[in-house]
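The next block holds one structure in the form of structure tokens; read it before the comments.
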Amino acid sequence: MRVLQFPLIKITGCFVLGLLLAHYTKPPFLVTLIALIISFIAVVTIYFLLKKSIFPKNYFGIAALFSAFVIGVFTFVSNNQTRNKLHYIHFITTQNKNYTATISIKEKLKNTAVNDRYVAQMITLNGKESYGKVLLNIKKNQPIPSMEIGANLKVTGPFYKNRNPNNPNQFDYGSYLENQQIYGQLYVEASDIQIGSTIDKSIAYYASLLRNRIIKNLEKNHFHKSELSVVVALILGQQQDISPEVVRDYQYAGAVHVLSVSGLHVGFILLFITFLLKPIPNTRMGSTIKLIIVITFLWAFGILAGLAPSVVRSVTMFSFVAVGMYLRRSINIYNTLAVSALLILLFQPSFLFDVGFQLSYVALYFIVWLQPLLASAWNPKYKIVSYFWDIITVSFAAQIGTFPMSIYYFHQFPSLFFVTNIIILPGMSLILGLGVIVMLFAAFDWVWIPLLKALEWSIWLLDKIIAWVASFENFVFKDIPLHFLSMWGLYLVIFSIIIWTKKPNYRKFIAALFSIIILQVIAIPIKYSNQKTQEFIVFNKQGTSIFTERIGDKVTVFFSKDLEKNANANLVLKSYLVANYCSIQMKKPISNLLYFKNKKILIIDSSGVYLEKQRPDILLLINSPKINLERVFLNWKPQKVVVDASNFKSYCKAWKATCEKEKIPFHDTAEKGFFKL
């Protein structure tokens, strides 16, 4: 591939491989430091020996690529905040224990039904100096004080380290947080918060003040609440107040990227600023002034939008595009993509594991690489037709590129994405332009009502169009299973077919066919493994009991009353079924005795009734039965006692103590997650 001939592509690729190796192997810091020094000495030595023609020239290239790889490893390891001895993770000795912490608010997150959530920086923990980002959860059962970014708080509440998913194939929220350098969560009541008098006045603090000022001025001028939440997401990158229904509509319509400030928004803003700066002459001085203004506005927008990963990568990339445009140098977009990714990952290597980062760069690459091929299939005579044809080809190029990754992560595909893009993209420049102007005016406490109403009605119309497209739910393909290896096999097929289509020949055709065979070969062991799997799982679901018995791709669900009619819709079951290519074949009420392979499972529910003569291998306690385990163990002792999340915590604590006394293994799904035989 011609793309790989660019040296920056190779360097960035080796750097990314280094990040991946460090992420999965976690080498010691000292080892990576020594490797970095050795690679640096090797590059310098080979460079000087090349002048004396002792080494062939390609040796220097190999050494440079190896150095990029080592730099990637070192960058990831050195950015791991837990290496700091003051990091709070080293002081958390007991889970679910009250800790007193002094923290500084750094970011407001989207609230849950139960908690208001913030990202905070730890200052002290139990009176000792500490360090690290933590997730603060404030329960909504009491009036919650308003807190601005930078506020210092003293809080008291239980602390939890990140844990593995509670149920099989569930989204691993703990890993997601760790990729953002967040290793634990604090849960506090509003009454346990003391707001300090000092405020950390960082860039984020001033950006937050400006955002809040803009939002208050728009609210004061009666900007409708639902449209305001979308505007704030579109322009300011804040999605906290968007309703789940609106987000779902944008997902089903294939337009969820519109709600996240990304390359689409930054690109439109770059074009908008460029249009405004046209009167400035294209002299050397004029071009320099234009460049300074454009980059200043782009980064001011990025700061205003909260410097989220999607914002940072988009602003960085378009800053390089702006440099090329205004210095009148030819822009190689592949190098632009590589440099922007390299710079971002040098400062924030954890962004590599952000799904948005991955999807954004894959989409941009395919737009640059594949869109010209799709566009060449037809040359419309009229400009208006050509404009819409470009929108369609750009949309298809991005969707083809992100299709395998989207299916792997989200298990659904909105097939009407091209309809959505044809309708909304032509109006996006108008909406974003209006939005930026209204926001600028609102920042200075001035709002022109006609302009504000024009923006409000534009957003209202946008939402209606999105809701209309999303209403065709039959065109949204859901619950599509895709294995990690199958995803890479699918990418191999896509790349080989595109390469063959660009310049067809016999060898490329054979390679494309061979890639399809490889995809099928990947699928065979996955299918075989699924068919051979037999397992019994006790799920962790607060307040209810769910068990499943799986034989191959057929699942039997043992349910409590609330799951009888809704077993397929239960999210806990759905993720498990989709990930394992399974379907529910049978639903049964929970009985007192179950058999799985050679194991006898005795279930004691709230009635407390059980069969004394049975000698089970597994004792499963559900719905808080009032039994004395010590008395039960006088007759027989099981190999293991399992309790699920339908039991009272006080009961589980007493049962655990009894099992420890009797030296019987005890598994509480509320603590350890699901139980599997």
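The values are calculated or read from the model by the stated rules, or taken from the named source; none is laboratory data. Here the structure is a predicted model, which means the values were calculated and not measured. All Cβ positions, glycine included, derive from the backbone under ideal geometry; neighbour counts span all protein chains shown. Ligands, DNA and RNA are excluded from the accessible area calculation, which covers all protein heavy atoms including side chains. Shrake-Rupley method; radii C 1.70, N 1.55, O 1.52, S 1.80 Å.
Checked against the criterion of being of a type outside the set (Ser, Thr, Tyr) and touching a strand residue (DSSP E or B) at 6+ places or on another chain (Cβ under 8 Å), the candidates 212, 167 yield just one match: 167. Every condition in (1) open to solvent by 40 Å² or more (accessible area, probe 1.4 Å); (2) in a helix (DSSP H, G or I); (3) hydrophobic (A, V, I, L, M, F, W, C); (4) closer than 24 Å to residue 496 by Cβ holds for residue 389 except the one numbered (4).
For the stretch 244-279, a tally of residues being open to solvent by less than 50 Å² (accessible area, probe 1.4 Å) and not aromatic (Phe, Trp, Tyr) returns 21.
For the subset of the stretch 261-299 comprising residues that are in a helix (DSSP H, G or I) and of a type in the set (D, E, K, R), which member is nearest to residue 391 (Cα to Cα)? Only one residue tops the list, namely 290. Restricting 188, 155, 247, 256 to residues that are touching a Leu at 6+ places or on another chain (Cβ under 8 Å), of a type in the set (Val, Ile, Thr) and under 30 Å from residue 397 (Cβ atoms) narrows the list to 247. For the stretch 526-541, check the following and say yes or no: at least one residue is closer than 23 Å to residue 648 by Cα and open to solvent by 40 Å² or more (accessible area, probe 1.4 Å). There is at least one residue in the stretch 526-541 that is closer than 23 Å to residue 648 by Cα and open to solvent by 40 Å² or more (accessible area, probe 1.4 Å). Listed by position, the strands (runs of 3 or more DSSP E) contained in the stretch 565-677 that have at least 3 residues being closer than 29 Å to residue 480 by Cα and at pLDDT 85 or above are 583-589.
Pairs please, first residue from the stretch 195-206 and closer than 15 Å to residue 145 by Cα and touching a residue at least 24 places away in the same chain (Cβ under 8 Å), second anywhere and surrounded by 15 or more Cβ atoms within 10 Å (Cβ to Cβ) and of a type in the set (Lys, Arg), Cβ atoms under 7 Å, 6+ apart in sequence or on different chains. As it stands, the answer is 196/154, since those pairs meet every condition given.
Taking the stated definitions as given, is residue 317 more than 22 Å from the chain's Cα centre (by Cα) and aliphatic (A, V, I, L, M)?
no
Exactly one residue among 48, 55, 60 is at pLDDT below 90, of a type outside the set (A, V, I, L, M) and assigned to a loop (DSSP other than H, G, I, E, B), and that residue is 55. Across the stretch 632-662, the qualifying residues are those that are basic (Lys, Arg) and within 19 Å of residue 601 (Cα to Cα), and the one among them that is most open to solvent (accessible area, probe 1.4 Å) is 637. Selection of the stretch 137-156 for residues being touching a Lys or Arg at 6+ places or on another chain (Cβ under 9 Å) and over 23 Å from residue 304 (Cα atoms) yields 137, 138. Within the stretch 444-501, if we keep just the residues that are small (Gly, Ala, Ser) and under 25 Å from the mean Cα position of the chain (by Cα), the residue that is most open to solvent (accessible area, probe 1.4 Å) turns out to be 467.
Applying the criterion of being over 16 Å from residue 192 (Cα atoms) and open to solvent by 60 Å² or more (accessible area, probe 1.4 Å) to the residues of the stretch 98-110, the residue that is nearest to the chain's Cα centre (by Cα) is 110.
Scanning the stretch 87-97 for residues that are surrounded by 14 or more Cβ atoms within 10 Å (Cβ to Cβ) and either among the charged types (D, E, K, R) or in contact (Cβ under 8 Å) with a residue 12 or more places away in the chain (or both) gives 87, 88, 89, 91, 92.
Would you point out the residue of the stretch 229-250, among those that are in a helix (DSSP H, G or I) and of a type in the set (Ser, Thr, Tyr), that is nearest to residue 476 (Cα to Cα)?
The selected residue is 250.
Of all the numbered requirements in (1) part of a strand (DSSP E or B); (2) open to solvent by 30 Å² or more (accessible area, probe 1.4 Å); (3) among the small types (Gly, Ala, Ser); (4) in contact (Cβ under 8 Å) with a residue 60 or more places away in the chain, residue 226 misses one, and that requirement is (1).
Test residue 407 against the stated conditions and say whether it is part of a helix (DSSP H, G or I), closer than 29 Å to residue 576 by Cβ and open to solvent by less than 20 Å² (accessible area, probe 1.4 Å). So residue 407 fits the description; yes. One residue stands out among those in the stretch 1-45 that are more than 16 Å from residue 79 (Cβ to Cβ) and outside any helix (DSSP H, G or I): the one that is modelled with the lowest pLDDT, which is 1. Checking each residue in the stretch 115-153 for being open to solvent by less than 10 Å² (accessible area, probe 1.4 Å), under 19 Å from residue 208 (Cα atoms) and outside any strand (DSSP E or B) picks out only 150. The selection criterion, being aromatic (Phe, Trp, Tyr) and within 18 Å of residue 241 (Cβ to Cβ), does not hold for residue 160.
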